[in-house]
Amino acid sequence: MDALIPLFIVIPLISAFLIMILGKLVKGFHRYFAPFTLLVLIAMTIIVFANLGGSSIQYAVGGWGLEKGIPVGIFMVLDAFSVLMLCIINLLGFIALFYSISYMAKYTAESNYYSLFCLIIAGMNGVVLSGDLFNLCVFLEVSVIASYALVAFGVGKTELEASYKYQILGSLGFMLILLAVGLIYWKTKTLNIADVRQVFEAGYNQPYYIFVQILLIAGFGLKAAVIPFHAWLPDAHSSAPSPISAMLSGVLIKAVGIYVIIRLFFNMFVFSHEIALVLTALGAISMVVGSLLAIVQWDLKRMLAYSSISQIGYVLMAMGMGILLLLKGNNEAAAILAIGGGIYHMINHAVFKGLLFLNAGAIEHRLDTRKLKEMGGLSSAMPITSTTSFMGSMSISGIPPFNGFFSKLIIIIAAINGRFYLLATLAVVVSIITLAYFLKFQRFAFFNKSANKALSKIREVPFPMSFSMIILATLCLALSLLAIPSVSELILRPAIDVLMQSDLYSTTIIGI
Amino acid sequence: MTVYLLCFALFLVGLYGLITRRNLIKIIISKSITEFSIFLILVLIGYIDKGLAPIVDPGTSQQIYVDPLPQAMVLTAIVIGLATTAMLMAIAIRLYRKYKTFDIREIKNLRG
Amino acid sequence: MELTISIILVFMIIGSIFALHAKDLLSAIINMGFVGFGVVICFLLLKAPDLAMVQIVIETVTLVVMVAVVLDSSRKEIEVSFNRRSLLNMAVGFLAFACLFYFFMKAIENLDPLGMHSLRMADSYVNGAVEKTGSINLVTGVLFDFRAYDTMGEAVILYTAALGTLTLLRIKGKK
Amino acid sequence: MEGMSTIVKKVTQLMAGLIFMFGIYIILHGHLTPGGGFAGGVLIAGAFILLILAFGSSSLKLKKEVTGSSNTESIGILMVVILALMAMLFGAKVFFFNFLPKGEAGELLSAGVIPLYNIFIGIEVAGAILTIFLALVIFKEESSK
């Protein structure tokens, strides 16, 4: 079982290099080899998920374990929380790849596309599995640089401009993170996350601690497009090819942005009240402003991009509330609810945002337009796309049978228990605004009288695209089972425990 | 202490350039300047007084050596900086071929 | 030693300010080259020959590419009109940078001063490293044995950059 | 891109071979002297870039060159990953383990796997930077046509 962990990164890397070498020789090799490697990764994730069960595995790369009690080499850490992230990454990756078999036919240089896609998957698996600060930055850059090239895959003017802005802000974010890692190494003389926690628990002075945490929030906030740093997200996600914007919005800003913020602020830093307030405030602001910006958009993919910012705000706010409640200490149950709701909403958002971007891609594939005003009356012409997009829209705006409702409900209950009444009302108001602009999307795209005459000619999208949309739609329903206490005890609770008992994380590594 | 503050001042100059410059090439230049300052801070952290360069002479006895870890980190970061600079140059040359200007504001309001 | 590096840093700051405000793009790039080679000298003073070598070579290749791109383009820069509103922006920006600078100074006040760095994790990278990795060059020992996983990620990043440049520069995007 | 004057061409003919040899020296002695896979790789790419700049890009069939350099690059990085995986079979059965004998410190053939890593990473870096430069040159060539 231990030998599987490095394979999560090595298999997509080898497939990326093979695709580039054999892509031009063997006809259609890239189109079917990449989904095959993702299938292998999903199988490995299921094996690991089955027999992990709440324990955590440390893999010392290169055989350099502990010397005199100090971890020397790079550790790869797999615990309950990172297994959930692995499931999201590899499942969404496979579905987006399967979708792009027919969607990418209209682009040139397809083997580059599939090779870069495998590199994004390898980078994200590397970030989720790494237990070392600098190693985390290197694999973060692998996935982010691959996504720079994929955002500008159809080399038009808007794509190039969006990719340029995305790269400049991305490299500024990386420089802030590098400065923070340098300052951490300056004080703690080590790079292993668990070891840094040991040193920080021994004591730190306040201005240094706040400055390093603010730098990390700014750096990873740039990667996760939290409100003050979100400038690149709408252009990048709307001009990328649809399977890529599904991967970016659904998985990349989570695995590379939110996951790292949660992992560092729960397992590496000692909780501090001011930073918890900053995180909650950032979450609440991006929740509200994201939805307000989304409601005025007439370009479908820009609207979905802004709604990603607001849903990410939900997750960040829930995590900030969790830290605040843990600091107060009296209300353990509400903290569990808040953190569980945050993780649950992160998983749900990956599924329904991926689905909505794939729907937008299907509409664009057939109508070649992204403007809501130019669409109309597609429910009869494209039945599968309209039903799956209806299920996606209902689940993102939190309508009962779907998974969005349960995760938002858990977050709101946690806010009420923890006496954050303002945050609870904000969450409800934003959920209503989300419902408003998704109804607008449904009305203009599917149920309106069609503006263009060539409606009769529009047929349903080919099999790979509709099949992947159907899988995601059924997932939207299946994931609502996670709210049942017995099921969530099995799946979500180990992840919550990993974040709650953060000193357990460091002792397992140091205490070998 | 003053050396670190000077490096951070260089970082702020680069940040100023990133925010205010409108020319594609000058934005890339200011990005490189921010990178240089961060690399210098990292190597300054690893410096030890009277330490030798991290090349061990097999014969000699116990010596004080400079910390090799920040140097390994900076070597990786330099190549990451080269990677992003290469892709930014690719986009800059492509936009210049199409619009004969490097000014980001002019490119923004030109038609697609 | 700290004095020499501070002097070089002051020249680099002046050079970079000049690079940002240069009228002609080519002189901006030459100033960037100056700042880059200043970094090389600082690396040599700080006993980091590996880095100095990599930085020189990569700086030269970057300069060659940039000059090749800029040489046949219109090198004149459109001058920004200096009205009252931009003065206000300048003041706000300067204030923000000043408090960032102050917070940085407060943060690093009681960390180890220059040269007083004590080894903890890196101790096993230095003492006895020659027996463990067999390589005399400790930085190569760290790069290719203790933290070889990072270096593989590093080579993958360069591979992605080459692939990304190929993708961005193909002539026709869509069929 | 047309070539430069004959003086530059003559000097480049002399220099390019020297730079190439120096790059190989830096890679091979990565674990003995400063430098290593990265610096040596960039040097080798620099030698080729010098040749292309001096003799102009018409002197090479560019399309074939790019696929050539991108394939060497892919093979280089593939060998690094396979070397890391081989470490899982021998020695301590761990990813990236140094399984070859360390040899006597200071010799050319010492430090186990490190020289092999240096060589493959050098090939990969040289291929990557050459691909980037050739991609730029091809774009300038094609778009000016």
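The values are calculated or read from the model by the stated rules, or taken from the named source; none is laboratory data. Given the structure is predicted, the values throughout are model-derived calculations rather than measurements. Cβ atoms come from the backbone with ideal geometry, glycine included; neighbour counts cover every protein chain shown.
With respect to C:V10, determine if the residue is surrounded by fewer than 19 Cβ atoms within 10 Å (Cβ to Cβ), without any contact (Cβ under 8 Å) to a residue 60 or more places away in the chain and not polar (S, T, N, Q).
Criteria met by C:V10.
Looking only at residues in the stretch B:54-112 that are facing chain C (nearest Cβ under 9 Å), among the polar types (S, T, N, Q) and assigned to a helix (DSSP H, G or I), which one is farthest from A:L178 (Cα to Cα)?
B:T85
Only one of these is in contact with a Phe, Trp or Tyr (Cβ under 9 Å, 6 or more places away or on another chain), hydrophobic (A, V, I, L, M, F, W, C), within 24 Å of B:T76 (Cα to Cα) and surrounded by 13 or more Cβ atoms within 10 Å (Cβ to Cβ): C:L100, C:L169, C:L138, C:L111. Name it.
Within the list C:L100, C:L169, C:L138, C:L111, the selection yields C:L138.
I'd like to verify a number: residues in the stretch A:33-51 that are out of contact with any strand residue (DSSP E or B) (no Cβ under 8 Å at 6 or more places or on another chain) and either part of a loop (DSSP other than H, G, I, E, B) or without any contact (Cβ under 8 Å) to a residue 60 or more places away in the chain (or both), how many?
Selection size over the stretch A:33-51: 12.
Can you tell me which residue among C:I171, C:I157 is within 7 Å of chain A (Cβ to nearest Cβ), in contact with an Asp or Glu (Cβ under 6 Å, 6 or more places away or on another chain) and closer than 28 Å to A:E110 by Cα?
Step by step, each of C:I171, C:I157 is checked, and only C:I157 is within 7 Å of chain A (Cβ to nearest Cβ), in contact with an Asp or Glu (Cβ under 6 Å, 6 or more places away or on another chain) and closer than 28 Å to A:E110 by Cα.
Each row is one residue, and each column tells you yes or no for (1) assigned by TED's automatic domain parsing to the domain that holds C:A155; (2) without any contact (Cβ under 8 Å) to a residue 12 or more places away in the chain.
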{"residue": "C:F94", "(1), (2)": "no, yes"}
{"residue": "C:F104", "(1), (2)": "no, yes"}
{"residue": "C:A107", "(1), (2)": "no, yes"}
{"residue": "C:D123", "(1), (2)": "yes, yes"}
{"residue": "C:G128", "(1), (2)": "yes, yes"}
{"residue": "C:S135", "(1), (2)": "yes, yes"}
{"residue": "C:L138", "(1), (2)": "yes, no"}
{"residue": "C:F144", "(1), (2)": "yes, yes"}
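For the stretch D:1-101, please list each of the helices (runs of 4 or more DSSP H) lying entirely inside it that holds at least 2 residues being charged (D, E, K, R) and within 12 Å of chain C (Cβ to nearest Cβ).
Of the helices (runs of 4 or more DSSP H) lying wholly inside the stretch D:1-101, those with at least 2 residues that are charged (D, E, K, R) and within 12 Å of chain C (Cβ to nearest Cβ) span D:62-86.
Report whether or not D:S110 is of a type in the set (G, A, S), at pLDDT below 85 and within 23 Å of D:F48 (Cβ to Cβ).
no
Can you tell me which of A:I9, A:I19, A:I74 is touching a residue at least 60 places away in the same chain (Cβ under 8 Å), under 19 Å from A:I510 (Cβ atoms), buried (at least 21 other Cβ atoms within 10 Å of the Cβ) and within 14 Å of chain D (Cβ to nearest Cβ)?
A:I74
Looking at the stretch D:108-121, which of its residues are farther than 17 Å from D:M86 by Cβ and in contact with a Leu (Cβ under 9 Å, 6 or more places away or on another chain)?
D:L108, D:S110
Could you please find all residues in the stretch C:13-30 being outside any helix (DSSP H, G or I) and crowded, with 16+ Cβ neighbours inside 10 Å?
Once the filter is applied, which keeps residues that are outside any helix (DSSP H, G or I) and crowded, with 16+ Cβ neighbours inside 10 Å, the stretch C:13-30 yields only C:A22.
Is it true that A:E161 is out of contact with any Phe, Trp or Tyr (no Cβ under 8 Å at 6 or more places or on another chain), among the acidic types (D, E) and closer than 29 Å to C:G115 by Cβ?
no
Just name the residue that is farthest from the chain's Cα centre (by Cα) out of those in the stretch A:52-86 that are on the phi > 0 side of the Ramachandran plot and outside any helix (DSSP H, G or I).
Looking at residues that are on the phi > 0 side of the Ramachandran plot and outside any helix (DSSP H, G or I), I get A:K68.
Out of the residues in the stretch A:247-274 meeting the condition of being buried (at least 22 other Cβ atoms within 10 Å of the Cβ) and among the β-branched types (V, I, T), tell me which one is nearest to the chain's Cα centre (by Cα).
Per the criteria, the residue is A:V251.
Mind listing whichever residues of the stretch A:196-206 are more than 17 Å from A:V260 (Cα to Cα), touching a residue at least 40 places away in the same chain (Cβ under 8 Å) and assigned to a helix (DSSP H, G or I)?
A:Q198, A:F200, A:E201
So, in the stretch B:36-53, exactly how many residues are within 7 Å of another protein chain (Cβ to nearest Cβ), more than 30 Å from D:E104 (Cβ to Cβ) and either surrounded by fewer than 24 Cβ atoms within 10 Å (Cβ to Cβ) or not aromatic (F, W, Y) (or both)?
Matching residues across the stretch B:36-53 total 9.
Taking the conditions exactly as written (part of a helix (DSSP H, G or I), within 15 Å of the chain's Cα centre (by Cα) and either crowded, with 24+ Cβ neighbours inside 10 Å or touching a residue at least 40 places away in the same chain (Cβ under 8 Å) (or both)), does A:M124 satisfy them or not?
yes
Please tell me if A:I5 is in contact with a strand residue (DSSP E or B) (Cβ under 6 Å, 6 or more places away or on another chain), in a helix (DSSP H, G or I) and within 16 Å of A:N90 (Cβ to Cβ).
yes
Could we say that A:S111 is in contact (Cβ under 8 Å) with a residue 40 or more places away in the chain and in contact with a His (Cβ under 6 Å, 6 or more places away or on another chain) here?
In short, yes.
Picking from A:S82, A:S143, A:S100, A:S130, which residue would you name as being farther than 17 Å from A:F8 by Cα, among the hydroxyl-bearing types (S, T, Y) and either more than 8 Å from chain C (Cβ to nearest Cβ) or buried (at least 24 other Cβ atoms within 10 Å of the Cβ) (or both)?
Unique residue meeting the criteria: A:S100.
Residue-wise test of (1) free of Cβ contacts under 8 Å to residues at least 24 places away in the same chain; (2) outside any helix (DSSP H, G or I); (3) within 26 Å of D:I26 (Cα to Cα); (4) away from chain D (no Cβ under 14 Å).
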residue	(1), (2), (3), (4)
C:M32	no, no, no, yes
C:V39	no, no, yes, yes
C:C42	no, no, yes, yes
C:V54	yes, no, yes, no
C:S73	no, yes, no, no
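Which ones in the stretch B:56-87 are within 14 Å of the chain's Cα centre (by Cα) and farther than 30 Å from C:S124 by Cα?
Within the stretch B:56-87, B:L82, B:A83, B:T84, B:T85, B:A86 qualify.
Which condition from (1) more than 27 Å from A:S111 (Cβ to Cβ); (2) touching a residue at least 40 places away in the same chain (Cβ under 8 Å); (3) within 7 Å of chain C (Cβ to nearest Cβ) is the one that D:T131 breaks?
(1)
Only residues that are among the aliphatic types (A, V, I, L, M) and under 18 Å from A:I510 (Cα atoms): list them for the stretch A:180-221, please.
Matches in the stretch A:180-221: A:L191, A:I193, A:A194, A:V196, A:V199, A:A202.
Inspect all residues belonging to the stretch A:131-154 and state whether any of them is of a type outside the set (D, E) and in contact with a Pro (Cβ under 7 Å, 6 or more places away or on another chain).
Checked the stretch A:131-154: at least one residue is of a type outside the set (D, E) and in contact with a Pro (Cβ under 7 Å, 6 or more places away or on another chain).
Given the conditions (1) part of a helix (DSSP H, G or I); (2) over 30 Å from A:I5 (Cβ atoms); (3) in contact (Cβ under 8 Å) with a residue 40 or more places away in the chain, and given that D:P115 satisfies all but one, which numbered condition is not satisfied?
(2)
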